[in-house]
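Could you have a look at this structure, given as structure tokens, before my questions?
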Amino acid sequence: MEGTLNLVGFGLAAIGPGIATGLIFAAYINGVARQPEARSVLQPIAFLGFALAEALALFGLVLAFVL
Amino acid sequence: MAKREENAMWSIFGYLLSGLLFWGGIGYGLDQWLNQGYFTLLGLLVGISGAIYLVWLRFGRE
Amino acid sequence: MRDLLRSGTGGGFVPPSSSDFELPPIFGDNAYTTKPIFLVFFSVILISVFFILASRKAAVVPSKLQFAGESVYGFVRNELAKDVIGHDFLRFVPYLFTLFTFILVNNVFGIVPLLQFPTMSRISFPYVLALTVYLVFHYVGIRKQGALKYFKEIMFMPGVPKAAYILITPLEILTFFVVRPLTLALRLFANMFAGHLLLLVFILGGEHLLQGVIGLKLISPFAFAVGIVLTFFEFMVQVLQAYIFTLLAALYIAGALADEH
């Protein structure tokens with residue numbers, strides 16, 4: 001087997017954003033299921049939260065290659 | 001109507017990735033050119049904030 | 001403990017790697033007669049024969065075959081094309097339908113016994129498919145809105161302070177012209193590649209454990225069981241990826257057709 005430790009680090013670092021994305025969309029689905037008319041209010045919030053969580057994951061990915 | 005969400009999620013992913021690649025790439029190029037070490041990180045930060053701003057413009061506004 | 005871990009044959013376990021995907025040519029000595037190429041041709045024949053048979057004797061009260069063919073067609077037509085593209089969707093249905101069935105059949109080859117190789121785990125095939133999507137949605141957008149207006153719409157979104165364009169316009173260009181088609185291809189490729197690798201790990205691992213001492217032989221059925229469970233999981237992933245690829249293709253076409261995003 002070969003590879004660098006960076007990729008192991010990225011694998012570990014991706015756990016957090018993975019859980020975060022799951023939680024965000026779980027809450028979003030819950031909210032829309034309970035109150036479908038709240039969708040337009042919830043959608044931007046969910047997407048911004050997703051963007052922030054995803055940003056961390058991608059940051060980890062890029063740093064795994066750069067460092 | 002879950003299709004809009006699917007589109008938005010992959011768009012957000014694409015914006016973030018291209019932000020990091022573009023501005024991070026510029027920073028990396030500056031680092032190679034000027035023999036510095038901090039432009040890459042600066043570029044990555046500029047790229048990620050630009051991409052999040054773009055996401056806010058596209059999807060975050062009412 | 002070391003003795004227990006070492007296998008009976010003496011040779012260490014060789015973990016499956018990307019070299020397992022580089023299959024030798026079936027006959028001759030060129031790169032064009034490998035298994036994936038045959039699978040692609042086979043899939044085309046399979047799809048053509050199935051849908052020709054299904055639509056040949058079209059009746060008001062459908063036969064089972066006709067029903068199967070029509071439900072696949074109806075799914076693509078209504079769920080993907082009509083819902084996403086809206087009016088004027090009918091001229092994209094043949095393209096989306098071809099895309100969906102082609103990717104679906106080629107993906108499912110990954111778990112069909114005897115074939116057992118997802119064609120899309122060779123990167124060139126998803127690249128070509130993404131290239132066709134790329135050409136189609138840009139062509140449609142330019143045709144609908146005119147080249148200048150189309151590109152202007154992509155690069156400069158309204159309602160943004162002028163200074164922010166320096167930050168944003170490169171990202172829009174990169175996303176639209178590079179990242180989108182690339183991720184479209186890579187998502188399909190990576191899912192098929194990783195799925196096939198996962199199955200290889202468990203099946204080859206189970207087979208390797210079977211050659212070990214008695215304690216390891218007892219573990220090996222569990223590896224095979226996980227391999228079988230993952231095969232069903234893999235089927236789900238394969239169908240889902242075919243769906244997502246087609247859905248995103250339809251969404252890009254819809255985005256190019258729409259006047260504003």
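As a test of the formula, what do you get for chain C when each DSSP H run with n ≥ 4 contributes -39,500 (n - 2.57) and the sum is divided by the residue count, at 222 nm and rounded to the nearest 500 deg cm²/dmol?
The helix contribution divided over chain C gives -22000 deg cm²/dmol.
Quick one: what are the phi-derived ³J(HN,Hα) couplings along region C:100-116, Karplus 6.51/-1.76/1.60 with θ = phi - 60°, whole Hz, x for glycine and proline?
So the J values, rounded to whole Hz, are 5, 5, 4, 5, 4, 5, 5, 5, 5, 3, x, 10, 6, x, 6, 7, 6.
Rounded to the nearest Å, what's the spacing between the alpha carbon centres of region C:62-86 and region B:24-54? Just the number, please.
Between the Cα centre of region C:62-86 and that of region B:24-54, the gap is 48 Å.
Looking at chain A, do any whole DSSP H helices span at least 27 angstrom along their long axis by alpha carbon and average 0.5 or above on Kyte-Doolittle, and which?
Sorted by number, the helices that extend far enough and score high enough are A:15-34, A:39-66.
Taking the Cβ-Cβ separation of C:GLU79 and B:ASN35 as r and a Förster radius of 41 Å, what is the calculated FRET efficiency to the nearest 0.05?
0.15
Looking at chain C as a GNM with Cα springs under 10 Å, which of C:THR246, C:THR34, C:THR119 has the largest mean-square fluctuation?
C:THR34
In degrees, nearest 10, range 0 to 90: what is the angle between the Cα axis of helix B:2-34 and the longest Cα principal axis of chain B?
The answer is roughly 10 degrees.
Would you look at the GNM of chain C, springs on alpha carbons closer than 10 Å, and say which of C:ALA163, C:ALA250, C:ALA54 moves the most?
For chain C, modelled as a Gaussian network with Cα springs under 10 Å, the answer is C:ALA163.
What number, in percent, do you get for the relative contact order of chain C if the mean sequence gap of Cα pairs under 8 Å and at least 6 apart is divided by its residue count?
Taking the mean separation of contacting Cα pairs over the length of chain C, I get 27 percent.
Go ahead and collect, in residue order, the members of region C:188-213 whose backbone nitrogen is under 20 Å from a label point 7 Å along the Cα-Cβ direction of A:LEU7.
C:188-205
Quick one: helix B:39-55 against the long Cα principal axis of chain B, what's the angle to the nearest 10°, folded into 0 to 90?
20
Next question. For region C:55-84, which trypsin sites (Lys or Arg not before Pro) are in a loop by DSSP, counting at most 14 other Cβ atoms within 10 Å?
C:LYS57
Further, regarding this structure: What is the Å³ per residue value for the convex hull set by the Cα atoms of the protein assembly as shown?
223
Something else now. Please compute the modelled spin-label separation between B:LEU57 and C:THR132, points set 7 Å along Cα→Cβ, answer in nm with one decimal.
It is 3.4 nm.
Laboratory data are not the source of any read-out in this text; all were calculated from the coordinates shown. Remember, predicted model here, so these are calculated numbers, not experimental data. Ideal geometry is used to build each Cβ from the backbone, glycine not excepted, and the neighbour counts take in all protein chains shown.
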